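J.: I am attaching a structure below and will ask some questions about it afterwards.
Nothing in this text is a laboratory measurement; each read-out follows from the coordinates by a stated rule. Keep in mind it's a predicted model, so treat the numbers as computed, not measured. Please note: Cβ atoms are built from the backbone with ideal geometry, for glycine as well, and neighbour counts cover all protein chains shown.
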Amino acid sequence: MKQFVVAGIGTEIGKTVTSAILTAGLKADYWKPVQSGDIATGDAYWIRHWVPSATVHPSTYALSQPLSPHSAAEIDGVTIQVQDFKIPTDQTLIIELAGGIMVPLNDRDTNLDLITHFNLPVILVSKNYLGSINHTILSYEILKQHGIPMAGIVFNGPENSSGEKFILNHTGLPLILRVNQESEINEAVIASYANKVNV
């Protein structure tokens, strides 16, 4: 069964939309190991809304504040421990991280440690903005330096053909999907992209 970690080059990059498309396209389960804030209507809520057929596994840590996981955990009086995370199924699974690759989970560990713990290939999500080429290449390089396999890249939002071409040429990663800027995201839009998933 295929299992992937969806990681973004930062926050508000489109990881949840990408995760929904991948979940639908691969007929996968979905899991967000850490949810910070919006527990009732957070990312898992949108996956259920956009991909009603998907099995959504509960977060290992569901934190009350919309902050970096280490800060949200501190406010809630808990300490996130990497060893607490157990992949919830052996079925096809999309795992969505909270924030970027170097987002801290506690005083020591980051999402990079969690990726290493899972030992699964990463799908990197990029979005065009001033500086995003740099952020995408840096994300790629740190994953490469740590020997983490990468399944490919998803570009989300407004198109920047020259920037995307440079990133693909530099990294050698396959393009899994391009998600355009949509006026609305709903079940039908997710389904239309699901048919284009190439992974």
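J.: Looking at the stretch 3-194, what % of its DSSP beta bridges pair antiparallel, to the nearest 5?
T.: Working: 1 of 28 bridges.
Antiparallel: roughly 5 percent of the beta bridges in the stretch 3-194.
J.: Turning to a different aspect of this structure: Which whole number of Å³ per residue matches the convex hull of the alpha-carbon atoms in the chain?
T.: Values: hull volume 22.4 nm³, N = 199.
In the chain, the Cα convex hull volume per residue is 113 Å³.
J.: Considering all alpha-carbon pairs of the stretch 152-199, what whole percent are spaced by more than 14 angstrom? Write down the numbers at each step before the final one.
T.: Numbers: 615 of 1128 pairs.
Tail of the P(r) past 14 Å holds 55 percent of the pairs.
J.: Using the count of nearby Cβ atoms within 10 Å as a rough guide to exposure, how do 138, 105 rank from fewest to most?
T.: Values: 138 14, 105 25.
The order, fewest Cβ neighbours first, is 138, 105.
J.: Give me 178, 108 sorted ascending by neighbouring Cβ count inside 10 Å, so fewest comes first. Intermediate results must be reported in sequence, preceding the final value.
T.: Working: 178 14, 108 9.
In increasing order of surrounding Cβ atoms, one gets 108, 178.
J.: Applying 1/(1 + (r/R0)^6) with R0 = 30 Å to the Cβ-Cβ distance of residue 67 and residue 138, what FRET efficiency is obtained, to the nearest 0.05?
T.: Numbers: r = 23 Å, r/R0 = 0.76.
For residue 67 and residue 138, the calculated efficiency is 0.85.
J.: If you rank 102, 1, 150 by fewest surrounding Cβ atoms within 10 Å, what's the result? Kindly include the intermediate steps, with their values, before the conclusion.
T.: Working: 102 13, 1 10, 150 20.
Fewest-to-most ranking of 102, 1, 150: 1, 102, 150.
J.: Continuing with this model, one more query. Residue separation times 0.36 nm, minus the C-alpha to C-alpha distance between residue 79 and residue 146: what's the value?
T.: Gain on extension, residue 79 to residue 146, equals 21.6 nm.
J.: Hey, can you rank 15-25, 166-176, 29-39, 181-191 by average C-beta count inside 10 Å, highest first?
T.: Going by the mean number of other Cβ atoms within 10 Å, highest first, we get 15-25, 29-39, 166-176, 181-191.
J.: Per 5 Å bin, what percent of the C-alpha pairs of the stretch 28-144 does each bin hold, from zero upward?
T.: The calculated distribution, bin by bin, is 2, 11, 20, 21, 21, 17, 8, 1.
J.: Report, in whole Å, the centroid distance computed from the Cα atoms of the stretch 154-199 and the stretch 74-110.
T.: 26
J.: Whole number please: convex hull volume per residue of the Cα set in the stretch 40-94, in Å³? Present the calculation step by step, with values, prior to reporting the outcome.
T.: Numbers: hull volume 5.1 nm³, N = 55.
Once divided by residue count, the hull of the stretch 40-94 is 93 Å³.
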